[in-house]
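Student: Sharing a structure with you now.
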Amino acid sequence: MTNGVSAVEKQGPPSGGPILIGLGANLPSPEHGPPVATLEAALAALVARGLRIRARSRWWESAPVPVSDQPWYVNGVIEVETDLAPEALLTLLHEVEAGFGRLRSVPNAPRILDLDLLAYGSLVRAGPTPPLLPHPRMADRAFVLHPLAEIRPGWREPASGLALPQLIARLSPGQIVRPLPHSAPSG
């Protein structure tokens, strides 16, 4: 290990799982319009930056978590291929967010665009250096797990080994998510 990065991390994802990215938005973008249009533009921006999208969920509408009076979100999950190490991929995601006007203010604030590195193969990293993998809150979020189930129904959370149906069954009640009409998964 050099500089805190193992050789495995430099060679792409460890075997045993996909690279997963969560996308979300609940504010309109001045350049792209409503959240769905912003998310579609974000997908194009990720491809333009060299990511290869292998699969994508439908867009899902979800109530804010934690519950608040802010607008509902539109969320989805993609599986990508890349040669980037986790740190470089997280940096790329933050650069794309910034290019769309994302301002990081307070946790759980409304946002034009949110891109989260959810999982990087079977890699488990608890810190202290980001990215933490798998994403530390993904197993608690219906707006992540339901879209993920569309593209990777057999996925297991690398840290716990729990299967996706088990994670969904453990979700706290009251999280409202529903697929948007006229939205279809691919891959």
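The values are calculated or read from the model by the stated rules, or taken from the named source; none is laboratory data. None of the values given here were measured: they were computed from a predicted structure. So basically every Cβ, Gly included, is an ideal-geometry build from the backbone, and we count neighbours across all protein chains shown.
Student: When the residues of the range 132-178 are filtered to those that are among the basic types (K, R) and assigned to a loop (DSSP other than H, G, I, E, B), which remaining residue is nearest to I19 (Cα to Cα)?
Tutor: The qualifying residue nearest to I19 (Cα to Cα) is R152.
Student: Among the residues of the range 75-103, what is the count of those that are closer than 21 Å to E40 by Cβ and either of a type in the set (D, E) or touching a Ser or Thr at 6+ places or on another chain (Cβ under 8 Å) (or both)?
Tutor: Of the residues in that region, 11 qualify.
Each row is one residue, and each column tells you yes or no for (1) modelled with pLDDT of 95 or more; (2) in a helix (DSSP H, G or I); (3) under 17 Å from the mean Cα position of the chain (by Cα).
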{"residue": "G24", "(1), (2), (3)": "yes, no, yes"}
{"residue": "A41", "(1), (2), (3)": "yes, yes, yes"}
{"residue": "V74", "(1), (2), (3)": "yes, no, yes"}
{"residue": "E79", "(1), (2), (3)": "yes, no, yes"}
{"residue": "T91", "(1), (2), (3)": "yes, yes, yes"}
{"residue": "A98", "(1), (2), (3)": "no, yes, yes"}
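Student: Of everything in the range 84-102, what is touching a helix residue (DSSP H, G or I) at 6+ places or on another chain (Cβ under 9 Å) and over 14 Å from A119 (Cα atoms)? Give them in sequence order.
Tutor: L92, V96, E97, G99, F100, R102
Student: Then there is this: Restricting attention to the range 50-66, and to residues there that are assigned to a loop (DSSP other than H, G, I, E, B) and exposed (fewer than 15 other Cβ atoms within 10 Å of the Cβ), which single residue is modelled with the highest pLDDT? So that I can check it myself, show each step before the final result.
Tutor: If we filter the range 50-66 for residues that are assigned to a loop (DSSP other than H, G, I, E, B), which is where we start, we get 50-51, 57-59, 63-66.
Okay, now just the ones that are also exposed (fewer than 15 other Cβ atoms within 10 Å of the Cβ), so 50, 66.
Numbers: G50: 97, P66: 78.
Ranking the qualifying residues of the range 50-66, first place goes to G50.
Student: Also, quick follow-up: Quick one: which of S122, S105 is closer than 21 Å to G187 by Cα and surrounded by fewer than 20 Cβ atoms within 10 Å (Cβ to Cβ)?
Tutor: S122
Student: A further question on this structure: Taking the options P179, P165, name whichever one is modelled with pLDDT of 95 or more, surrounded by fewer than 21 Cβ atoms within 10 Å (Cβ to Cβ), closer than 19 Å to T38 by Cα and not aliphatic (A, V, I, L, M).
Tutor: P179
Student: Here is a further query. Conditions: (1) part of a helix (DSSP H, G or I); (2) modelled with pLDDT under 95. T129 meets all but one. Number of the miss?
Tutor: The single condition T129 does not satisfy is (1).
Student: Shifting gears a bit: Go through the range 64-122 and give me each residue that's aromatic (F, W, Y) and more than 26 Å from A149 (Cα to Cα). I'd like the intermediate steps shown before the answer.
Tutor: Taking the range 64-122 first, the residues aromatic (F, W, Y) are 72-73, 100, 120.
Selection gives F100 alone.
Student: Here's a follow-up. Here is a list of conditions, (1) more than 29 Å from S172 (Cβ to Cβ); (2) free of Cβ contacts under 8 Å to residues at least 40 places away in the same chain, and A85 meets all of them except one; can you say which number that is?
Tutor: Among (1) more than 29 Å from S172 (Cβ to Cβ); (2) free of Cβ contacts under 8 Å to residues at least 40 places away in the same chain, A85 violates only (2).
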